[in-house]
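The numbers here are math on the coordinates, done by the rules we state, and not lab data. This is a predicted model, so every value here is computed, not measured. Cβ: placed from backbone, ideal geometry, glycine included. Neighbour counts: every protein chain shown.
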Amino acid sequence: MRKVIFLSVLALFLHGFAGRMSGQNNRATITGTVLDSTGAVVPGARAIATNSETAIATAAESNGSGIYSLLNLPPGIYSVSIKKDGFKAVEFTRVTLIVAQVAELNATLDVGRVNDTVTVTSDAPVLETETSTVGTNMNGSVVTDLPLNIYGGRTVESFAVALTPGYSPSSSPYLAVINGNQGFTKEFTVDGTSGTSQIQGDSMEVGPSMEAVEELQAETSGVSAKNASTNGGVMMFNLKSGTNKFHGTAFGYGHNEFLDANGFDNDHLGTLCRNGDFADAPQPCGQYNKAESRFWDYGFSAGGPIIKDKTFVFGAFERFTQSDFRLGNFGSTVPTADFLQGNFGGLLDTATVLGTDVHGNPIYKGAIFNPSDPGAVFAGNVIPAGMISPTSQKIVDLYQKFYAPEQSGLVENNRSPASNSPAQTPNQIVVKADHSFTQNDKVSGSWVYNHRPRTLLDSGGVWQAGTTDGGPFTGARYQIVKSDEYRASESHTFSSNVLNVFNATYNWYSNGSVPTTTGDWPQQLGFGSTGAGNFPAINFGGGVNGREETAIGNAWQGDYSGATFVYGDQLSWTKGRHTMTFGGDFRAMQINSHSGSGAMSFNFSNNDTGDPTSAFGNQVGFGFASFLLGDVQFASQTTPFNLYGRRKALSLYAQDDFKVTHNLTLNLGLRWDSTFRFHEKYGTGQASI
């Protein structure tokens, strides 16, 4: 019966609300016990915490046990006064609070006039005894003031991951393995509410600008019931706010390749080319000069009052631009001039005779068989020009024009940019506003925006030297990532011991990709117009002796988006020695994927120019030879396929911080989470992420 009543009460608080993290988990609390000089408790003492930058005050009274609690305090610097008629007031002029901190600040009042004040002018000795949480706190200035290497852009969580005990050494904000747990199990919050819009706990593409982060708290274990939506830990971002004084920053970092030395391979090949060794270093020799390698990171922030002591605003903008097309090591393979003409004599190992063909000719290791004459090898491993497919010849012409080998050798004769993302221009905007209607009624809200266009080389392929798009054969893609996060919260103090916080959050994320180079390639190659601009993805299958041509083209199309609606409410009630918190949240999650259409893929196999049923089947045949002949193993073409995944989740929790004695506090918590079924909105099939 008690369980039913308990859940009913929680449901009453949560009616119409929704998320997984509690309303204002980023806020801090000051609590303590007020005693007189004899050690007796002092009820009815008034405690007031005043923010030093905004002059906004929060008040509470000590109860019959002498305990007071100042709840929902934004992290920052405060002055705290504790007073009661008949006693000298105690004033702490500087109390520093960090994200999610529950600070114990006890006071002893001496008999005297109320106008008499005992002042503590140095930092108050805040005791860390109220929670069992383990984590790492980091002020934003700790990061922004350090001379960091910002190649790739500034990410505050990446810095925190490197310093926080419990994170795996190789972990990133994307994976975030904490204390040996599974990846993608942590949560991250911005101003107390969830920032997750798609991948659980991933802040890399949706998080706020480093310039807008006032403080970061990484909780790795011992989290409270209200934070325990995951056992993977919580990364909390607290945004900067405006104050009664106008303030701002501006910054800029830069790098240009004129400060760098040329790479070893470029220097070596450039010398060979200029000395006339065009076999090992094909012309033009200028392609071996230093490639463009530059980046800039700049931005500004500003904040101040709209109405002094009541309304404040803060904003930050940051932009990172990178252009780094230095070539890396030789890791991909393009066909040699002989291969492009159908001459595969370079594959033959004439010292190894595997048998004889149907005409009595020797079959050497690396031999190419003629599909038009079953069981027979091509004489000299040369495919006659008349047998080369017209479509394949068009692709050969592009190889000859754009993808000549950079050095002699049958394998690893082509280089791609050293950076996985050689070009990108992320933009980040953060705006936050705070308003105090009265001392008991306050609202705040923020907008976090990310726009991240970039070139990505995560699909391999070959690269056209001297270009910024890789040419038609590249597997590179142009990716555009966008995200918007909106959050608003309202806190209302009903009495000196009852506080309610309501929050609403909307997180949205979009990720779409297209090839870096497009054109009506299917039409140009003779397949007709398919509606896609992709150069067909072509896989050349197996080879012999470890020799295989690198796949070309790509099928990048479409986009997907994730959205999360989060609504939550939390009620805090101080009663006697108990500070009780009741709350919960509801989350509605969406994932929408939209595939493209018309992109073509072809796969060739060494089996079509080999002898797969023989004992030496893995030593003959060549996928690129099968390509020249036009013998396709299998092919495909994409068709539109859209999915709209939906899922909802509900969480309820109760927390009791029970002060057993002045120096012993028990943290008691209970949490219930329910994640409902994942389904496709229109019932068109099994939704997938």
- prompt: Hey, what did segment 331-393 get for relative contact order, percent, Cα under 8 Å, at least 6 apart?
  reply: 30
message: For the chain, what are Rg and Dmax over the alpha carbons, in angstrom?
response: 33.2, 119
- line: The lysines whose Cα lies under 16 Å from the Cα of residue 442, excluding any fewer than 8 residues away in the same chain, are 308, 310, 432
statement: The alpha-carbon center of segment 632-689 and that of segment 376-415 are separated, in whole Å, by 52
task: Take the Cα of residue 358, step 7 Å along the line toward its Cβ, and report every residue of segment 591-609 whose backbone nitrogen sits under 19 Å from that point.
output: 607-609
field: Spatial separation of Cα centroids for segment 290-352 and segment 270-288, in angstrom
entry: 26
query: Between residue 394 and residue 256, what FRET efficiency comes out of the Förster formula 1/(1 + (r/R0)^6) with R0 = 56 Å and r the beta carbon distance, rounded to 0.05?
result: 0.90
- prompt: Fully extended, how many nm does the chain gain between residue 648 and residue 341 (0.36 nm per residue separation, minus their Cα-Cα distance)?
  reply: 104.6 nm
message: Taking 0.36 nm per residue of sequence separation and subtracting the Cα-Cα distance, how much length would be gained by fully extending the chain between residue 298 and residue 678, in nm to one decimal?
response: 132.6 nm
message: Stokes-Einstein diffusion coefficient for segment 331-393 at 37 °C in a medium of 0.692 mPa s, Rh from the Kirkwood formula over Cα pairs: what value in µm²/s?
response: 260
field: DSSP beta bridge pairing in the chain, given as percent antiparallel to the nearest 5
entry: 90
- request: Can you tell me which of 491-503, 238-250 comes out highest on packing, and rank the rest after it, using the mean Cβ neighbours within 10 Å?
  value: 491-503, 238-250
field: Cross-link pairs 240/290; 88/575; 245/482; 575/648; 84/659 - those with Cα-Cα distance over 30 Å
entry: 240/290; 245/482; 575/648
- line: When 368, 363 are ranked with the fewest other C-beta atoms within 10 Å first, the list becomes 363, 368
field: Helix-only mean residue ellipticity at 222 nm for the chain, each DSSP H run of n ≥ 4 adding -39500 (n - 2.57), per residue, nearest 500
entry: -2500 deg cm²/dmol
